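What follows is one structure encoded as C-alpha cells, with my remarks underneath.
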Amino acid sequence: MDFLNSIPHWILTGYTFILGLITGSFLNLCIHRLPREESVVIPRSHCPSCKNTISAKDNIPIVSYLLLKRKCRHCGQSISWVYPAVEVITAFLLTVVFLKFGTTLQSGIYGITISALVVITVIDLKHQIIPDCITLPGIAFGFAAGTNFNGFLESFSGFLLGGGLFYILALVSKGGMGGGDIKFIAGLGALLGWQKILLVIFLAAFLGTIYSLPLLLVGKKGRKSLIPFGPFISAATGIAIFIGRDLIIVYIQYMNR
C-alpha cells in the first residue's frame, strides 16, 4: 500500500479505469456463458454466431468494437451495443469505488461486489435468472468480508434479515420472488449488515415501483407480469455502498427530530 500511495493519484485513477475496461470485457464473457453453464476459462473468446476465435487485436475493450464497426471480422454479424456498455459502466463504477475508498481492502471488496452486480443485472434482464454459481459463492464471500468489516454478529444478522424477509415474501407472493433473489439478498446482507440491507430492500422496492408503475398504468405490464428484481437490488446495493451510511444518518436524525 505504501508503494501505491507514492504513485500520483491521477495515474492510479487512469489505471483503475483501464483495469475496469478489461474487467468489463471479462464480465461480458461471464454474462454470455454463465446462464449456459459454460466455463469462463476455456475455450477462448469466440463469436457467438460463427464460433471463430476472437484474436487479441479484436478483443481490446471499446477500441476493437469501434474499429470493427460493430461487426464480427469473420462473419459480419453485428456485435451488440451491450458489450461496450458493460465495459464502460464497469470501468466507471470501479473508478468511483477507487475514488471513494482509495487503496484499501474495502476498495478491493467493493470492486468485486460491483463487478458481480453488473453480471447479475444483465443476466437477470436477459434471462430472468440469477445463477447459483454467483449467489452461493457470494454468500461465503459476504460472510468473510462482512465479518472482517463489521463483525460476525452484524454479518449474520444481515444474512438472516435479508434472506428471511425475501423468503417470507416469496411465500406470500406464491412464486413472485425467485430463489435467486433470496440467495442474492442473503449474501448482500452478510456483506453489508442488517442496517444497510434494510436500506437496500427499501431502495430496491422504491426503484422497482418507479419502474413498474408507469408500465402498469399504460397497460404494458400486468399485475402478474414477471419483472426481474435483480437489477433493482443491484442498483440499491450500489447506492448503499457509496452513500448508505450517510442516508442512514440522515434518516436517524430525521426520526429524532
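The values are calculated or read from the model by the stated rules, or taken from the named source; none is laboratory data. Remember, it's a predicted structure, so these values are computed and weren't measured experimentally. Quick reminder, even Gly has a Cβ in these numbers, built from the backbone with ideal geometry, and neighbours come from all protein chains shown. For accessibility, only protein heavy atoms count, side chains too; no ligands or nucleic acids. Shrake-Rupley method; radii C 1.70, N 1.55, O 1.52, S 1.80 Å.
Computed values, structure above
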quantity: Criterion violated by ALA56 - all others in (1) open to solvent by less than 60 Å² (accessible area, probe 1.4 Å); (2) farther than 23 Å from LYS126 by Cβ; (3) at pLDDT below 90 satisfied; calculated: (1)
quantity: Conditions (1) at pLDDT 95 or above; (2) hydrophobic (A, V, I, L, M, F, W, C); (3) over 18 Å from LEU136 (Cα atoms); (4) surrounded by fewer than 21 Cβ atoms within 10 Å (Cβ to Cβ): number failed by LEU171; calculated: (1)
quantity: Lone qualifier among ARG33, ARG73, ARG44 - being out of contact with any strand residue (DSSP E or B) (no Cβ under 6 Å at 6 or more places or on another chain) and open to solvent by 40 Å² or more (accessible area, probe 1.4 Å); calculated: ARG73
quantity: Check on PHE143, within 14 Å of PHE229 (Cβ to Cβ), assigned to a helix (DSSP H, G or I) and open to solvent by less than 50 Å² (accessible area, probe 1.4 Å); calculated: no
quantity: So ALA204, is it of a type in the set (Gly, Ala, Ser), part of a helix (DSSP H, G or I), modelled with pLDDT of 95 or more and surrounded by fewer than 19 Cβ atoms within 10 Å (Cβ to Cβ); calculated: no
quantity: Residue identified as in contact (Cβ under 8 Å) with a residue 24 or more places away in the chain, touching a helix residue (DSSP H, G or I) at 6+ places or on another chain (Cβ under 7 Å) and outside any helix (DSSP H, G or I) among PRO35, PRO61; calculated: PRO61
quantity: Residue within the range 113-127 that is closer than 16 Å to ILE241 by Cβ, among the charged types (D, E, K, R), surrounded by fewer than 17 Cβ atoms within 10 Å (Cβ to Cβ) and in contact (Cβ under 8 Å) with a residue 24 or more places away in the chain present; calculated: no
quantity: Selection status of PHE184, out of contact with any Cys (no Cβ under 7 Å at 6 or more places or on another chain) and buried (at least 18 other Cβ atoms within 10 Å of the Cβ); calculated: yes
quantity: Candidates ILE227, ILE252, filtered to the one that is of a type outside the set (D, E, K, R) and in a helix (DSSP H, G or I); calculated: ILE252
quantity: Number of the exception - SER25 against (1) in contact (Cβ under 8 Å) with a residue 40 or more places away in the chain; (2) open to solvent by 80 Å² or more (accessible area, probe 1.4 Å); calculated: (2)
quantity: Residue that is open to solvent by 70 Å² or more (accessible area, probe 1.4 Å) and under 22 Å from GLY138 (Cα atoms), where the choices are LEU160, LEU226, LEU216, LEU191; calculated: LEU160
quantity: Residue within the range 198-212 that is without any contact (Cβ under 8 Å) to a residue 60 or more places away in the chain and in contact with a Ser or Thr (Cβ under 7 Å, 6 or more places away or on another chain) present; calculated: yes
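Quick grid of which residues meet (1) over 14 Å from LEU29 (Cα atoms); (2) open to solvent by less than 40 Å² (accessible area, probe 1.4 Å); (3) in a loop (DSSP other than H, G, I, E, B):
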| residue | (1), (2), (3) |
| --- | --- |
| LEU66 | yes, no, no |
| LYS69 | yes, no, yes |
| TYR83 | no, no, no |
| VAL86 | no, yes, no |
| ALA91 | yes, yes, no |
| VAL96 | yes, no, no |
| GLN106 | yes, no, no |
| GLY111 | yes, yes, no |
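Every residue, every condition in (1) at pLDDT below 90; (2) of a type in the set (A, V, I, L, M, F, W, C), yes or no:
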| site | (1), (2) |
| --- | --- |
| ARG33 | no, no |
| VAL41 | yes, yes |
| ASN52 | yes, no |
| PHE92 | no, yes |
| GLY102 | no, no |
| SER107 | no, no |
| GLY111 | no, no |
